[in-house]
Amino acid sequence: MPADTLPDIEITTEEYERVRKLVYERAGINLGSNRQHLVQARLAKRIRSESFAGFRDYFRHLDSETNNEEITHLIDAISTNTTFFFRESDHFDFLAESLVSRIKSEKWDEKQYTLRIWSAACSSGEEPYTLAMVINKILKEYPSINAKILATDISQKILAQACAGQYDAQKIKSVPDEYRRHAFRHIGKSSSLYEISPEISKYITFAYFNLMTPQYPFKFGFDYIFCRNVMIYFDRPTQESVINRMAQHIRPNGYLIVGHSESLNGLRHKLEYVKPTIYRQKG
Ligand SMILES: C[S@@+](CC[C@H](N)C(=O)[O-])C[C@H]1O[C@@H](n2cnc3c(N)ncnc32)[C@H](O)[C@@H]1O
C-alpha cells in the first residue's frame with residue numbers, strides 16, 4: 001500500500017512519555033510535554049518506512065532488540081539537525097583573532113604545535129568544515145603548526161552525510177567568497193552539487209560520540225571546543241554536567257564556545273567568562 005493511503009499512526013500520551021524518557025536517558029534531550037505531535041510525525045515516518053503496524057508494534061520491537069539499533073534510529077528521527085556554514089559567524093571571527101594572538105603569545109610556531117579543535121555536535125558537517133576553512137587560511141602563514149579537528153555527533157545518519165561532504169549550491173551560499181574557491185569542487189557539469197576539497201577535509205576526523213558519556217575518553221586536550229545549539233535541548237542539570245566534563249578537556253587558555261541562544265548563566269563551572277557565549281580555561 002502506498003504510504004499516503006496508510007491510516008494515521010497515532011501516539012498515545014503514555015507512548016509519548018515512554019519516548020520522552022528514553023530520549024532523555026540516552027541522549028539527554030529534554031522533549032518537554034508539548035512535543036507529542038512533532039514526535040508522532042517524526043516517528044510515524046520511521047514506522048511506515050520499516051513497515052511496523054503502529055506505535056504498539058514499534059515498542060514491542062524496541063523492547064525485544066538487544067543491540068540498541070532501533071534506539072539509534074529513534075534518536076536520529078527525534079533530534080534536530082539544523083545547521084549551516086558560518087552559522088553565528090562572530091564565533092569564527094573570534095576563532096581567527098584569538099588563534100593568531102595565541103600563536104604569537106604562546107609561540108606555537110616555534111614548537112611543532114598541534115592545534116586541536118572539537119566540534120561537539122557537528123550535525124551534517126557545516127560547523128567543522130567552517131572551522132577548517134578558517135584555520136586553513138591562517139595556518140598558511142604558519143606551516144610548522146599542525147591542526148586536527150574532531151567532529152562528533154550522536155546521529156549516525158547525519159554523520160554519514162557529514163563525512164560525504166557534499167552540499168547543494170544553495171547551501172554553500174553562506175560561505176564568503178574568500179573561502180568558497182578553495183573549499184569546494186563542483187561535482188559534474190550538470191549537477192548543482194559541490195564537494196569539500198581535500199585541502200579542507202584533511203583536518204577533520206568524524207566520529208560517533210554521545211555527550212552523555214559519563215567519562216570523556218580523549219587523550220589530548222582541546223584548544224577550542226565548539227558546542228553550539230545542542231545544549232538548548234538539555235535541561236540545566238544535564239547542561240552543567242556536560243560543561244564540567246568538557247572543561248576537563250580544555251587546555252590552559254583554551255576556549256569553550258556555545259550557541260547564541262545558550263548561556264552558562266547559573267551553572268556551576270570553573271571556566272572564565274570572556275563574553276556572551278565564550279568561556280576560557282584559566283592559564
Ligand atoms: C541543531 S544541531 C547543531 C549543529 C551545529 N553545532 C550548529 O550549531 O549549527 C544539534 C546536533 O546535536 C546532536 N545531538 C543531540 N544530542 C546529542 C548528544 N547527546 N550527543 C551528541 N550529539 C547530540 C544532534 O544529532 C544534532 O546533529
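The values are calculated or read from the model by the stated rules, or taken from the named source; none is laboratory data. Because the structure is a prediction, the values reported are computed rather than measured. Cβ sites come from the backbone with ideal geometry, for glycine too, and all protein chains shown count toward neighbours. The protein model used for the area step is the full one, side chains on, heavy atoms only, and it has no ligands, DNA or RNA in it. Shrake-Rupley method; radii C 1.70, N 1.55, O 1.52, S 1.80 Å.
Points worth noting:
- Once segment 104-138 is narrowed to residues that are away from the ligand (no atom under 16 Å from the Cβ) and buried (at least 19 other Cβ atoms within 10 Å of the Cβ), the residue that is nearest to Y216 (Cα to Cα) is R116.
- Enumerated strands (runs of 3 or more DSSP E) restricted to segment 156-267, each holding at least 1 residues that are in contact with a Phe, Trp or Tyr (Cβ under 6 Å, 6 or more places away or on another chain) and β-branched (V, I, T): 193-196, 222-227, 250-258
- Within segment 80-103, considering residues that are aliphatic (A, V, I, L, M) and crowded, with 16+ Cβ neighbours inside 10 Å, the one nearest to the ligand (Cβ to nearest atom): L95
- Residue within segment 187-198 that is within 22 Å of I145 (Cα to Cα) and exposed (fewer than 14 other Cβ atoms within 10 Å of the Cβ) present: yes
- Pair list, Cβ < 9 Å and 6+ apart or interchain, from segment 166-189 residues that are farther than 11 Å from M133 by Cβ to residues that are open to solvent by 80 Å² or more (accessible area, probe 1.4 Å) and not charged (D, E, K, R): A169/H186; K171/F84; S174/F84; I187/Q166
- Pick from segment 234-267, criterion within 28 Å of I75 (Cα to Cα) and among the charged types (D, E, K, R), ranking: least open to solvent (accessible area, probe 1.4 Å): E262
- Cβ separations smaller than 6 Å between residues 6+ apart or across chains give the following pairs from segment 52-78 residues that are within 19 Å of I9 (Cβ to Cβ) to residues that are of a type in the set (S, T, N, Q) and within 16 Å of the ligand (Cβ to nearest atom): D76/S155.
- Residue check for K148: in the same structural domain as E110 (by TED's automatic domain parsing), part of a helix (DSSP H, G or I) and of a type in the set (K, R): no
- Residues within segment 220-276 that are of a type in the set (S, T, N, Q) and within 11 Å of the ligand (Cβ to nearest atom), tallied: 3
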